[in-house]
Amino acid sequence: IFLFAKFVKTDESPSELGRKLLSASGCYDRGVACLNRKDYDRAVAEFTEAIQYNPGYAAAYHNRGFAYLVQKDYDRAIADCDQVIALNPKLAAAYSNRGHAYRGKGALDRANADFDQAHALMRDEELRLHPEPNVERTGMMGVFDVWRRSRG
């Protein structure tokens, strides 16, 4: 905790910061257990408490937003997804969940934009993890490869 405290701008002592982080983690774990039991009201309460201890806890916002989405509380789900995206703009699941919330509200253009963004982020991650080998193809296979790459 002391090493972590050196990288966080706070006036809190390392022991106080550590207590808050451990409390946030405990609330988060209980919230996940509640999600697994489909106890969404309790999950929301646990994730909210985790966020009170650690306002930058993107995973807590993400899971609370999911609980709101399941409960069809679309405005709150969107607000939590917005917060996740502000904290971690490369998390495809946040765009996907926000897209589902917009779709639930009937805002299909916004939903489709979020689904497109989620798809692009997933595609980028897949290419980063599993790059295509750079193989020179000749003849008919070369023509096919050029055609395939042009289609995206």
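The values are calculated or read from the model by the stated rules, or taken from the named source; none is laboratory data. Because the structure is predicted, anything quoted here is derived from the model rather than measured. Ideal geometry is used to build each Cβ from the backbone, glycine not excepted, and the neighbour counts take in all protein chains shown. All accessible areas refer to the heavy atoms of the entire protein, side chains included, with ligands and DNA or RNA removed. Shrake-Rupley method; radii C 1.70, N 1.55, O 1.52, S 1.80 Å.
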Which of the residues that make up the stretch 73-121 are in contact with an Asp or Glu (Cβ under 9 Å, 6 or more places away or on another chain) and of a type in the set (S, T, Y)? Y95, S96, Y102
Can you tell me which residues in the stretch 89-106 are farther than 14 Å from M122 by Cα and open to solvent by 30 Å² or more (accessible area, probe 1.4 Å)? R98, H100, R103, G104, K105, G106
Sort through Q83, Q71 and tell me the only one that's loosely packed, with under 15 Cβ neighbours inside 10 Å and touching a helix residue (DSSP H, G or I) at 6+ places or on another chain (Cβ under 8 Å). Q71
Of residues in the stretch 55-77 being of a type in the set (F, W, Y) and modelled with pLDDT of 95 or more, the one nearest to Y28 (Cα to Cα): Y61
Can you name the residue in the stretch 125-152 that is open to solvent by 90 Å² or more (accessible area, probe 1.4 Å), under 25 Å from I85 (Cβ atoms) and part of a helix (DSSP H, G or I) and, of all such residues, is modelled with the highest pLDDT? E126
Given the conditions (1) open to solvent by less than 30 Å² (accessible area, probe 1.4 Å); (2) at pLDDT below 95, report the number of the one that Q52 does not fulfil. (1)
